[in-house]
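Asker: Quick one: the structure is below, questions incoming.
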Amino acid sequence: MKKSILLVLFALTTMISQAQEIKWMTMKDAIAAQKRNKKPIFIDSYTVWCGPCKMLDKNTFSDPKVAKEINDKYNPVKFNAEGNEEIQFNGTLYTNPSYQEARKNSRNAMHQFTAYLRVPGYPTMSVINADGKIVKTIVGYKTPDQLLSEL
């Protein structure tokens, strides 16, 4: 009986925590989703070495109100601004030709899409409308309330 109760509690906790997470997608998936649902694309540009980026994940993106707002109103993308993902956007292929695999867990070369987004520092959040235009740029760490007021 105790095992059954624990199993039910675990399942409920798992469902609740999943419901409160942002459903991050790749840029490719966000572009395809935007064609169907016309929602803006919300991009979190981060790096693996960025302390405020980690704080944003831990404190802000994990907030249930923030997760709901972003999931409901945007196609959310988590973009490693120094990664090596290939991004096809508005007829241009963006890459990171100077990326070094040996430095994947530390500072690396800046991705070309980072320059396109005009990211001045990390973290930077960008909103791209259905016409492919950057309509909002939010720079730096934000608390849940600060981010919600910006969105």
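Asker: Accessible area per residue of the stretch 24-121 at 1.4 Å probe, in Å²?
Answerer: Working: 5260 Å² over 98 residues.
So the stretch 24-121 comes to 54 Å² accessible per residue, rounded to a whole number.
Asker: Between Thr95 and Lys38, how many nm apart are label points set 7 Å from Cα along the C-beta direction?
Answerer: It works out to 3.7 nm between the two label points.
Asker: Tell me, in nm to one decimal, what length is gained between Asp29 and Gln88 on full extension, where the rule is 0.36 nm per residue of separation less the Cα-Cα distance?
Answerer: On the way: separation 59, 0.36 × 59 = 21.24 nm, distance 1.10 nm.
Full extension of this stretch gives 20.1 nm more.
Asker: Provide the FRET efficiency to the nearest 0.05 for the Gln20-Val139 pair, computing r from the beta carbons and using R0 = 30 Å. All intermediate terms of the calculation are to be shown ahead of the outcome.
Answerer: Values: r = 25 Å, r/R0 = 0.84.
E(calc), rounded to 0.05, equals 0.75.
Asker: A follow-up question, please. Assigning unit charges at the beta carbon (Lys, Arg +1; Asp, Glu -1) and nothing else, what dipole magnitude in debye, to the nearest 20, does the stretch 60-151 show about its Cα centre? Intermediate results must be reported in sequence, preceding the final value.
Answerer: Numbers: 11 positive and 10 negative charges, 30 e Å.
Dipole of the stretch 60-151, to the nearest 20 debye: 140 debye.
Asker: Of all trypsin sites (Lys or Arg not before Pro) in the stretch 59-151, which ones are in loop regions per DSSP and have a Cβ with at most 14 other Cβ atoms within 10 Å?
Answerer: Here the sparse-neighbourhood loop sites are Lys104, Arg107, Arg118, Lys133.
Asker: State, to one decimal in nm, how far the label point of Tyr116 lies from the label point of Lys104, with both points 7 Å from Cα in the Cβ direction.
Answerer: Label at Tyr116, label at Lys104, 2.3 nm between them.
Asker: I would also like to ask the following. Rg(Cα) of the stretch 102-149 divided by 2.2 N^0.38 Å?
Answerer: On the way: Rg = 13.1 Å, N = 48, 2.2 N^0.38 = 9.6 Å.
The reported ratio for this selection is 1.37.
Asker: Turning to a different aspect of this structure: Where does the chain land at 222 nm, in deg cm²/dmol rounded to the nearest 500, when only DSSP H runs of n ≥ 4 count, each adding -39500 (n - 2.57), divided by all residues? Show your work: numbers first, answer last.
Answerer: Numbers: 6 runs with 56 residues, N = 151.
The helix-only estimate for the chain comes to -10500 deg cm²/dmol at 222 nm.
Asker: Which value, in Å² rounded to 10, gives the accessible area of Glu85 with a 1.4 Å probe and all protein chains present?
Answerer: Taking all protein chains as shown, Glu85 has close to 70 Å².
Asker: Can you list residues from other chains, or at least 5 along the same chain, whose modelled amide H is less than 5 Å from the amide H of Gly83?
Answerer: Here the answer is His111, since their amide H atoms fall under 5 Å of that of Gly83.
Asker: With all protein chains present and a 1.4 Å probe, how do Ser126, Ser149 order by accessible area, largest first? List each step's numbers first, then the result.
Answerer: On the way: Ser126 0, Ser149 95 Å².
The ordering from most to least exposed comes out as Ser149, Ser126.
The values are calculated or read from the model by the stated rules, or taken from the named source; none is laboratory data. Predicted model, so just to flag it, every value in this text is computed and none were measured. Counting neighbours? That spans all protein chains shown, and the Cβs are built from the backbone with ideal geometry, glycine included. Quick note on the areas: whole protein, heavy atoms, side chains included, nothing else; ligands and nucleic acids left out. Shrake-Rupley method; radii C 1.70, N 1.55, O 1.52, S 1.80 Å.
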